[in-house]
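> This is the structure I want to talk about, given as structure tokens.
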Amino acid sequence: MADPTGHAEHAQVPIEDAPVKIDAPKTVAAGLPAVVESARQAVKEMGVARTLRVLSDVNQHDGFDCTSCAWPDPSRPSVVEFCENGAKATAAAATKKTAGPSFFDKWTIDELARQSDMWLGKQGRLSTPLILRDRRYQPISWEAAFTVVADHLHALKSPDEAVFYTSGRTSNEAAFLYQLFARRFGTNNLPDCSNMCHESSGMGLSEVIGVGKGTVTLEDFEHTELIFIVGQNPGTNHPRMLSTLETAKKHGARIVHVNPLREAGLGRFKHPQKMRGYLGTGTPLADVFLQVRINGDVALLKGFMKHLLSEEARRGVGVLAREFIEKNTVGFAAFKRDIERESWDVIERESGIKAHTIRHVADMVIASERIIVCWAMGLTQHVNAIGNIQSIVNLLLLRGSIGKPGAGVCPVRGHSNVQGDRTVGITPRPKAVFLDRLGAHFDFEPPRRTGYDTVEAIRAMHQGKARVFIALGGNFLSAAPDTTYTAEALGRCSLTVQISTKLNRSHLVCGRTALILPCLTRMERDQTVSVENSMGIVHASRGRLAPASDKLKSEPAIVVSIASATLGDEAFWHGFATDYDTIRDGIEAVIPGFDDYNERVRRPGGFVLPNAVREGRFDTLDGKARFTVHPIEPSPLADNEFLMMTVRSHDQFNTTIYGLDDRYRGIRGGRRVVFVCHQDAEEAGLRAGDRVDLVSRYGGQLRTAPQFTVVPYDLPRRSVATYFPEANVLVPVSHTARMSNTPASKSIVVSIHRSA
Ligand code: SF4
């Protein structure tokens, strides 16, 4: 099946010409530079008056929820309740600029594809529905656009030839309607961005503690004694978390930072809303930094647990939470045997951390009753990701440090409502009870076949099994692995539909027919919507800004219009768009925990969803938490091979690029950089600024990412780091986490070759 529009070429992020400037990494986060950069980007996009008006609404009870990460808001938000990256996200979405018909008149998709991702994103808000004709986007009426979608869906041999993708920015209301439409259409093909980020957390936790979400609240950080931050960079990806960590330190907590990269955010923190954030040297956050090897976490965690078990044997009592283990857990004996069998040599070699250091931190665990472990992609994007997450649970169970104040698990979500979307039914693997309740309430028989997750959807499109791709938000191509393969997959669709706010590369890699349907952002005037943050709090979001164009529609309005154009029954569907309370009534009827949804969501701060573990219960099959056994999985490397992890820069949120700097890591003016361990660079004769090509070889196939600038950096031996989406071309679609099928973007074997 030929690729009619040459997508592979469009898919690659253009190579930058300008040389990258390399400075020393920072050791202090936030402070005045964060304020200056927030103001600079905000005023550039919105002007002064709009900046003051819009930023004063972010994360306020009667305002809108930040569209960036999912770190929760305090119960009493401060006047300025946003961070630098929240300001950048808001400015990008509330920009005064628009990209309308006159803009697209000037550019073919080939010409647009030669622009950088940052340039594409800064062209302004999409302002009218568009259809691709003769390689140029042209205006189309909403009615005609909905008819195009309905016609393509009707032309499919099976509903399973359609894929309904969701990005984590989608509100609960739009997501619930979207899944209802897809299921009434007849498919469970509902992949979402969570498949590429915390799917491993959800699956790993559900299996061992019975809930696929974090179990702690913000208040728990004031009651905890020890916090682990593992495979997460809060300084860039969840910046307000630094204030929470500073508060925890004030309450006596100690912090252990576990990461191959020493991140400034866990060095010293200068609170930009406190005088001390300007006068002093900042609050030191991490007490211990463990520079673990890439994917060395299971070895490290087993080292902690091995020390706990040997100390229990030596001291007799007081190390393990014996009563808790006996009463609440199963699987301890097999787990204990496995840990005792593990050798310290293997633990040291595979973790990259000396045994005495591991024992030192393990003693901090023994001295703490209340321990919180936070993590992000550094644990979830590996082949053995489930093992990473369940090993964390093993450690906490040994100390009985879960299900009580100041203790538990805290997977920190990267997208503002990714958790909410999953809660209201965005999943290709819905539970039978959910489908029963959905079918009963809306009087239809939902499909029971498991749908495609993100990786399966890419394969299905590539194999021609899926032919219509609809994305509710997001930048699928750039977020996905295996860029060339994914581009070919999208190119083989008869129709691709992007429901978007800003131009991105996914608009340039599309099906034979391609539509862009522009929607409102969260800060624009619409009915109240709601989101769920990382800690299971559902709260309202209300925008007050005038829409960027009078041709925009809200996400719910677009979904119901496509649904009624495709399935008919206009009255049924449009009722929802007329009054979002009716959508919430549907959610309340189908999903436990949303009682009195419409009343409670309007309370300041919203409401907390039930979480069995917080109530001291483990909703597993046998009502017990489960100890599990996970092998240490070395990553053998040949000479000239390195283990690569993809990361975000400080000027990026997922695939949205706000700027070309990565201030904390000392990078200015470019993104095609490869951080290489100092010693490895020296041994390879590589110097700062050298240009190299990165090559991955999987399944006999070579994938190349050319022209990266070498940045010698403080990293474990044989480890390199690059930014996504630039390096996603190196990540094979087949290289995924077991069980969760999450692309293993944090451990890709690459070789480095001087560029020609
Ligand atoms: S911490 Fe996250 S949610 Fe909060 S303002 Fe910053 S980016 Fe937005």
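The values are calculated or read from the model by the stated rules, or taken from the named source; none is laboratory data. Note that the coordinates shown come from a computational prediction; the quantities given were computed from them, not determined experimentally. Every residue, glycine as well, gets a Cβ built from its backbone with ideal geometry; the counts of neighbours run over all protein chains shown. We work out accessible area using only protein heavy atoms, side chains counted, and drop any ligands, DNA or RNA first. Shrake-Rupley method; radii C 1.70, N 1.55, O 1.52, S 1.80 Å.
> Over 26 Å between Cα atoms: which of Lys97/Lys551; Lys122/Lys551; Lys213/Lys624; Lys250/Lys336; Lys26/Lys249; Lys302/Lys746 fall into that group? Don't skip to the end; give the middle numbers.
Details: Lys97/Lys551 15 Å; Lys122/Lys551 20 Å; Lys213/Lys624 17 Å; Lys250/Lys336 36 Å; Lys26/Lys249 21 Å; Lys302/Lys746 20 Å.
Listed pairs above 26 Å: Lys250/Lys336.
> So, one more: What does the net charge come to around Ala432 if you take all other residues with beta carbon closer than 14 Å to its beta carbon, with K and R at +1 and D and E at -1?
Net charge in that neighbourhood comes out at +4.
> For the range 257-332 and the range 452-522, what is the separation of their Cα centres, given in Å?
Cα centres, the range 257-332 to the range 452-522: 40 Å.
> Put +1 on the Cβ of each Lys and Arg and -1 on the Cβ of each Asp and Glu in the chain; which of Met644, Val455, Thr628 then has its Cα farthest toward the positive end of the dipole?
Positive-end residue among those listed: Met644.
> So, in nm, how far is label Val629 from label Ala334 when the simple model puts each one 7 Å beyond its Cα toward the Cβ?
0.7 nm
> How about the range 157-236: which trypsin sites (Lys or Arg not before Pro) there are in a DSSP loop, with at most 14 other Cβ atoms within 10 Å of their Cβ?
Filter output for the range 157-236: Lys157.
> Here's a follow-up. Over the chain, what is the relative contact order in percent, taking alpha-carbon pairs closer than 8 angstrom and at least six residues apart?
Computed over the chain, the figure is 22 percent.
> Tally up the carbon and sulfur contribution to the accessible surface of the range 606-647 as a whole percent, 1.4 Å probe, everything protein left in place.
Percent of accessible area from carbon and sulfur atoms in the range 606-647: 55.
> Apply the Karplus curve 6.51 cos²θ - 1.76 cosθ + 1.60, θ = phi - 60°, to the phi angles in the range 56-71 and return the couplings in whole Hz, x for Gly and Pro.
Using θ = phi - 60°, the values come out as 6, 9, 5, 6, 8, 4, 9, x, 10, 7, 3, 8, 9, 7, 10, 5 Hz.
> According to a simple spin-label model (label point 7 Å from Cα along Cα-to-Cβ), what is the distance in nm between Trp119 and Glu9?
Once both label points are built, they end up 1.6 nm from each other.
> Which trypsin sites (Lys or Arg not before Pro) in the range 674-756 sit in a loop by DSSP (not H, G, I, E or B) and have at most 10 other Cβ atoms within 10 Å of their own Cβ?
Sites meeting the loop and neighbour criteria: Arg687.
> Right, another one. Please compute the length gained on full extension between Ser310 and Lys106, using 0.36 nm multiplied by the number of residues separating them and subtracting their Cα-Cα distance.
Result: 66.4 nm gained on full extension.
> Determine the gain in length on full extension of the stretch Ala144-Asp550; use 0.36 nm per residue of separation and subtract their C-alpha separation, reporting nm with one decimal.
Gain on stretching Ala144 to Asp550: 144.4 nm.
> Quick one: pull the percent of accessible area on the range 68-177 belonging to carbon and sulfur, 1.4 Å probe, ligands and nucleic acids left out.
55 percent
> Need one word for the range 76-231: rounded, prolate or oblate. Basis is the Cα gyration tensor (sqrt eigenvalues a ≥ b ≥ c); a/c below 1.5 gives rounded, then a/b vs b/c decides.
Working: a/c = 2.49, a/b = 1.39, b/c = 1.79.
Cα axes put the range 76-231 in the oblate bin.
> Another question, then. Just to verify a number: FRET efficiency for Ala756 and Asp579, C-beta to C-beta distance, R0 = 51 Å, to 0.05? Please report the intermediate quantities before stating the final value.
Numbers: r = 62 Å, r/R0 = 1.21.
Plugging the Cβ-Cβ distance into 1/(1 + (r/R0)^6) gives 0.25.
> When the label point is put 7 Å from the Cα of Ala49 along its Cα-to-beta-carbon vector, which residues of the range 90-118 have a backbone N closer than 17 Å?
Answer for this model: 95-97.
> Right, another one. Probe radius 1.4 Å, ligands and nucleic acids ignored: give me the carbon and sulfur share of the accessible area of the range 394-514 as a rounded percent.
Percent of accessible area from carbon and sulfur atoms in the range 394-514: 51.
> Would you calculate a helix-derived [θ] at 222 nm for the chain, using -39,500 (n - 2.57) for each DSSP H run of n ≥ 4 and dividing by the full residue count, to the nearest 500? Don't jump to the answer; show the numbers that get you there.
Values: 29 runs with 268 residues, N = 756.
Rounded to the nearest 500, the figure is -10000 deg cm²/dmol.
> Kyte-Doolittle mean at least -0.5 and Cα extent at least 24 Å along the axis: which DSSP H helices of the chain qualify?
297-315
> Next question, about the same structure. Applying 1/(1 + (r/R0)^6) with R0 = 35 Å to the Cβ-Cβ distance of His154 and Ala612, what FRET efficiency is obtained, to the nearest 0.05?
Rounded to the nearest 0.05, the efficiency is 0.20.
> Can you compute the modelled spin-label distance between Asp363 and Ala432, with each label point 7 Å from Cα toward Cβ, in nm?
5.3 nm
> Something else now. Residues of the chain: accessible area per residue at 1.4 Å, in Å²?
34 Å²
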